[in-house]
Every structure is written in C-alpha cells, then in structure tokens.
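Input: a single structure, listed below in structure tokens.
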Amino acid sequence: AGMAAVLPLLLPPLLLLLAAAGPGRARRDALREELLLSPLPAGDVAATFQFRTRWDADLPRGAVSHYRLFPKALGRLVAALGVRELHLALTQGFWRTRAWGQPPLQAPAGAELWVWFQPTVTDVDKAWKELSNILSGIFCASLNFIDSTNTVTPTASFKPLGLANGTDHHLLRYAVLPREVVCTENLTPWKKLLPCGSKSGLAVLLKAERLFHSSYHSQAVHIRPVCRDASCLAVSWELRQTLTVVFDTFSSGQGKKDWSLFKMFSRTLTDACPLASQSKVYVDISPKNKEKELLEVTPPPASVHEAIVQGDKRTYAVYDLLSPLLFNTSRSLNVQLKWKRPQDSSELPTPILHAQRYVSGYGLQTGEISTLIYNTHPYRAFPVILLETVPWYLRLYVHTLTIITKGKENKPSYIHYQPAQDRRRPHLLEMLIQLPANSVTKITIQFERALLKWTEYTPDPNHGFYVSSSVLSALVPSVIAMKDVDVEQSPLFTSLFPSSDGSSYFVRLYTEPLLVNLPTPDFSMPYNVICLTCTVVAVCYGSFYNLLTRTFHVEEPSRGGLAKRLANIIRKFRGVPPL
C-alpha cells in the first residue's frame, strides 16, 4: 500500500526525464561488444574481445559536458591536448605469426603508443610529453618513461586509421617501451573504462587470474574519428577497447584440446551489458583443409556468419546475447569446442607475410641485426614498408646496409634514415621494399656498441638491453576477392583495417624484440676498492697516529731487591750463574 501511494509521485519526474532525453539524444552514443574465439594449431585457442563505443559529439572543441558511455577521462584528454587519433597497446608475450596465423590485432611486446595530433597544436613535443604522463596515471603503466630517447616521427608508417584531412607526419609521434611488464594493475583501469565495467556482459569473463595464465596477452585502446553516416558530412568519435589472449594446453595444465568458456575463463555468460546495442559471440568453425574440419561446437548456434577476413573465407558460429531465445533453455552460456579428430600440423597453411629478426656476431664491440621477411604467395609480388627503431647506444653503420632477395641485391624504392644523437634521440630507418613472389628477403645492418656512463645502466645490466620490434606494413594480395560490406553490420574484428579494394587487405606485423648485451663494468669493484682502501687507511693512519701522539718514558735499570739477592745466594750454592 505504501509503494502504491509513492509510485504516482515518482512517475511524473521519470516521464519528464525520458521525454527530455528524447529518441534523438538516446542514439547519440552506442555500445557494441563482441567476443571472437579462434581455434589455433596444436590445440591453442585465441579469444579476442572488442568493445566499441561510438559517440556523435564534437570532442576537439570541448563543447561536451555530459558523458554517458564514452569515458570522461579519455574524452577530456582528447579535447584538452588536441588529439586526433590515439592508439595504446600493452602486451605480454609474442604473437607467433608463423604458427598461429595472422592475428586480428597485433601489437609488439611491451607498451606501444602512437598518436596523431590536430593541426592546431603548436608544440607537439610538449603535448606528447603531457599525454604520455596522463596515460601513465590512467592505466598505471610506466608510460612516463617515454621521452626523446625512444620517440620517433615516422614518415611512411602509421598512417591515420580514421578520418584525416592531411597526413603531415610532423603531427605524429610513435614510441615503444619493450621492457614494460603488463599485469593486473594495468587491466583493472582498462576494465573501469567500459560502460558496464566487469559486472555484466562479455566483460564478466575478464578474470585476471585466468587472463594472465596464458602464453599471450594484449590489451589496447584505439580512439579515432569516423564518418557518422554514409554521406560523411558529420564526424563521430569511436573508442575501441580490445583484448586478445591465447590459451594453450601446457599453461592451462589440461593436456586436452577440448575447450569451453568455463575452462578458459572459469566463468560463463549469463547476460548482455544492459547498455549495449549489440552483444555477440563468434566462434571460428572454418575448415582448415579441403575436407570439412571436424570441429564440433555446442550448444548449436542460432545463426552462421560467412565473411572474407584477411584474404581467406571464414565461417563463424554466432551467439547473440540479446536474443531472448538464447537463455531460455539455460541461465548461462558455456560455448564448448571439441575436435573430432587430431589435426595434422602439415595441413596448416603458412601466412603469406611473416618475418623474424635476430642479432648475430660475437664479442661486445660490434654486431649485426638481421631481419628475414617471407612472401609465400605463389605468383604475386607486393611492396612492404619496414620501420626500424634502434636505441642511440647501438651505433648503426648505414653503409653496411644490405638487402638480399634470391641471391641478388634488392634496392629499396624509398628510404628514410634519421641518425641518432647520443642521449637525445634513437635511430629511425624506413624503407619501401618490393617482395618478389615466393621469396625470402634478408636485411642486415652492422652496429657498434657504445659504452654507457655508470649511472645509465639498469639495476640488472647483465640481463641486457631491449631493442623494440620492427614494424611491417603492407597491402597483402587476397586469394579471394573481397566485397565492400557495411561497417555497422559486419563484425568488429573485420572493420578496424578496412580494405581499400577487393584485391588486397592491410596487414601490420611486428617482429621479435631484441635483447642486446653491452659492455658492462664490474659493479662489485667499487665495494672491493672501498673495503681495501679503508683497511689500508686504517692500518697506516692508525700506526702513524700512535707514533705521533704516544709519550715514551725511559726507565733506569734497578739493582734488584731482597728476592733477587736470595735467589743469587741459592744459585751460588747450586753452582748456577747468578741472575
């Protein structure tokens, strides 16, 4: 009876709020969440989460005061510092492209940050430094260590992924911290940026204990301007939070190739995020060979989606969490993947483009960096842009740069080199190289190790010094012709890098980071020298001080007393000489 009396009093204000919001304002921002499960060779499974928040607002002008789905911390950051695009990735582990195939979104080991600023920004370096410090506090990372010694301005790589009126590379900054360690203190603020947090929807599966018990973990934030509609007369802002994790049979301790959501995340899905307009789970059930792949997925999907992803035809089982029929039979969704027969590793296709990188040489004076780029396409050649960032303490000899393909010299069609300055900026090398069909291109360059000051060494100098990964950017020819699709209707994992035409698709790959040893002094010697010096000083100074301050007294010899005379008398009777 009490509630019945209070309810009419609460309804009018509630109706007024709904009317003030209106249908037009309710659609100004939208959230889509998506989970992609991809079985990998040798029984591994890759899980890719994507949360996309799209907001029809004018952020650069700072005319926004109310935030609903878009995080206020990032929105005010974009407006205050004149950011046009922001891409931040925190990665633990290395994606093995040759064994796992092309990833939906790859990032180098450690922390990667690259930002495009607005043309209205006068001092880009100052805005870049302030931006890295703010992001360091938001994500609890060591991004405040980004400075001029590890920041470069590429000229050909890292073009804008969103709308861009111009591509003045002076507005671009790129930096990598390969030694950054990603842990739960970085995941917690990342989850807090989600509209529903980790309380409902797909974010329920983001359990730190399981995510970091894997062989690969990468979380990223992408902010870019996109077209609001097909006419592209207005601009919307898109925030993508992505998380990719790879579970393997050895780290999980199961020893079986059968997987499920509960085995991977120790949780199941119970509902969708109430603020999401779309919430789906995709499971890659594509056949890996000519025969139908014997992969069984339970429960049976309500629909199947076919798409051409990275030049290959894929089939996905789709589970719509917003569908009322999904949770009718059970209160939770636990997708299970079972292999009906063992998979032969010889049947696995090799990626068209992959690379590897290593350091060769002996001693601690000189060395050589080698990069191998593979093009396994049987009849198509294509160019690739290679970006190398080398710290200043590895002094490159550019005249030793060699590019060999099939035993012949391969001259790059474009090359940009910015030499390093000691303790001020790193080396930057960009090249446009043509890769012939079915070939291996080897790129080598020699370097000399510099001797650092003793205060510049890390606490564990014998562990080595990291060199950030090389970056490969290319339009890879597609085996199957791709069609133009609606970005809003297609899955999120196919729309971050849209294809410019139907014959190729964009790929950005990263090689392994390098670990280089530098000439390291024996840091135990100062302790030994201090101990030896103090001992010598104490002995010498103590003896000399005693000689200077001691008082000497000369004692006269005495004839002896009564006892001595009695002793001599006894010795005389015994025939012994007296004392």
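Note the full-extension length gain between residue 230 and residue 142 as 0.36 nm times their separation in residues minus their Cα-Cα distance, in nm to one decimal.
Details: separation 88, 0.36 × 88 = 31.68 nm, distance 4.02 nm.
Stretched out fully, the residue 230 to residue 142 stretch lengthens by 27.7 nm.
Kindly write out, for the range 192-198 in residue order, the coupling ³J(HN,Hα) from the Karplus curve 6.51 cos²θ - 1.76 cosθ + 1.60 (θ = phi - 60°), rounded to whole Hz, with x marking Gly and Pro.
5, 6, 6, x, 9, x, 10
Greater than 24 Å separation of Cα atoms is the criterion. Which listed pairs, 191/280; 199/313; 159/192; 191/313, meet it? Could you put the intermediate results ahead of the total?
Numbers: 191/280 18 Å; 199/313 35 Å; 159/192 29 Å; 191/313 33 Å.
Violating the 24 Å limit, Cα to Cα: 199/313; 159/192; 191/313.
Go ahead and estimate [θ] at 222 nm for the chain from helices alone: -39,500 (n - 2.57) per DSSP H run with n ≥ 4, summed, over the residue count, rounded to 500. If you can, show how the numbers build up before the last one.
Values: 10 runs with 115 residues, N = 579.
Computed ellipticity for the chain at 222 nm equals -6000 deg cm²/dmol.
Place a label point 7 angstrom from the Cα of residue 170 along the Cα-to-Cβ direction, then list the residues of the range 117-143 whose backbone nitrogen is under 16 Å away.
Counting backbone N atoms under 16 Å from the label point, the list is 117-128.
For the range 170-254, give the magnitude of the charge dipole about the Cα centre (Cβ charges: +1 Lys/Arg, -1 Asp/Glu; no others), in debye to the nearest 20.
Values: 10 positive and 6 negative charges, 38 e Å.
In debye, rounded to 20, the range 170-254 gives about 180.
Dipole size in debye (nearest 20) for the range 30-256 around its Cα centre, Lys and Arg Cβ +1, Asp and Glu Cβ -1?
Working: 24 positive and 18 negative charges, 87 e Å.
Roughly 420 debye, rounded to the nearest 20.
Given just the C-alpha atoms of the range 365-497, how large is their convex hull per residue in cubic angstrom? Please list the in-between numbers first.
Numbers: hull volume 23.3 nm³, N = 133.
Each residue corresponds to 175 Å³ of Cα convex hull volume.
Averaged per residue, what accessible surface does the range 384-443 expose to a 1.4 Å probe, in Å²? Numbers along the way, then the final one.
Details: 2990 Å² over 60 residues.
On a per-residue basis, 50 Å².
Using a 1.4 Å probe and ignoring any ligands, DNA or RNA, find the accessible area of residue 304 and quote it in Å² to the nearest 10.
Near enough 90 Å² of accessible area.
If you place +1 on the Cβ of every Lys and Arg and -1 on the Cβ of every Asp and Glu, how big does the dipole about the Cα centre of the chain come out, in debye to the nearest 20? Write down the numbers at each step before the final one.
Details: 61 positive and 46 negative charges, 380 e Å.
Result for the chain is approximately 1820 debye, rounded to the nearest 20.
How high is the relative contact order of the chain, given as a whole-number percent (alpha carbon pairs under 8 Å, six or more residues apart)?
Values: 1103 pairs, mean separation 80.7, N = 579.
Dividing the mean separation by the residue count of the chain yields 14 percent.
In the full protein assembly as shown, how much of residue 564 is accessible to a 1.4 Å probe, in Å² to the nearest 10?
Around 80 Å² of this residue is reachable by solvent.
With the radius of gyration and the Kirkwood radius both derived from the Cα set of the range 383-443, what is their ratio Rg to Rh?
With Rg and the Kirkwood Rh in hand, the quotient comes to 1.03.
Keeping every protein chain present and rolling a 1.4 Å probe, give me the accessible area per residue for the range 30-256 in Å².
Computed with neighbouring chains in place, this is 36 Å² per residue.
Rounded to the nearest angstrom and ordered from largest down, what semi-axes does the equivalent ellipsoid of the chain get from its C-alpha gyration tensor (root of 5λ)? Please report the intermediate quantities before stating the final value.
Working: eigenvalues 799, 232, 161 Å².
Working from the Cα gyration tensor, I get semi-axes of 63, 34, 28 Å.
Keeping all protein chains in the complex and leaving out DNA, RNA and ligands, what accessible area do you get for residue 403 with a 1.4 Å probe, in Å² to the nearest 10?
10
So which cysteines of the chain have no other cysteine's Cβ under 4.7 Å from theirs?
140, 183, 531, 534, 540 - these cysteines have no disulfide-compatible partner (Cβ-Cβ under 4.7 Å) in the chain.
Can you put 326, 239 in order of accessible area, largest first, using a 1.4 Å probe?
Values: 326 40, 239 0 Å².
Output order, biggest surface exposure first: 326, 239.
Report the Stokes-Einstein translational diffusion coefficient (µm² s⁻¹, integer) for the range 30-256, Rh taken as the Kirkwood radius over Cα pairs, at 4 °C with viscosity 1.567 mPa s.
Values: Rh = 18.5 Å.
It diffuses with D of about 70 µm²/s by this estimate.
Let me have the relative contact order for the range 30-256, percent, based on Cα pairs under 8 Å that are six or more residues apart.
Working: 412 pairs, mean separation 65.0, N = 227.
Here the relative contact order equals 29 percent.
Carbon and sulfur atoms: what percent of the 1.4 Å accessible area of the range 30-256 do they account for?
Details: 4320 of 8260 Å².
Using a 1.4 Å probe with all protein chains present, the range 30-256 comes out at 52 percent carbon and sulfur.
The values are calculated or read from the model by the stated rules, or taken from the named source; none is laboratory data. These numbers come from a predicted model, not from an experiment. No Cβ is skipped: glycine too gets one built from the backbone with ideal geometry, and neighbour counts run over all protein chains shown. For the accessible areas, the whole protein counts, side chains as well, though only heavy atoms, and no ligand, DNA or RNA atoms are used. Shrake-Rupley method; radii C 1.70, N 1.55, O 1.52, S 1.80 Å.
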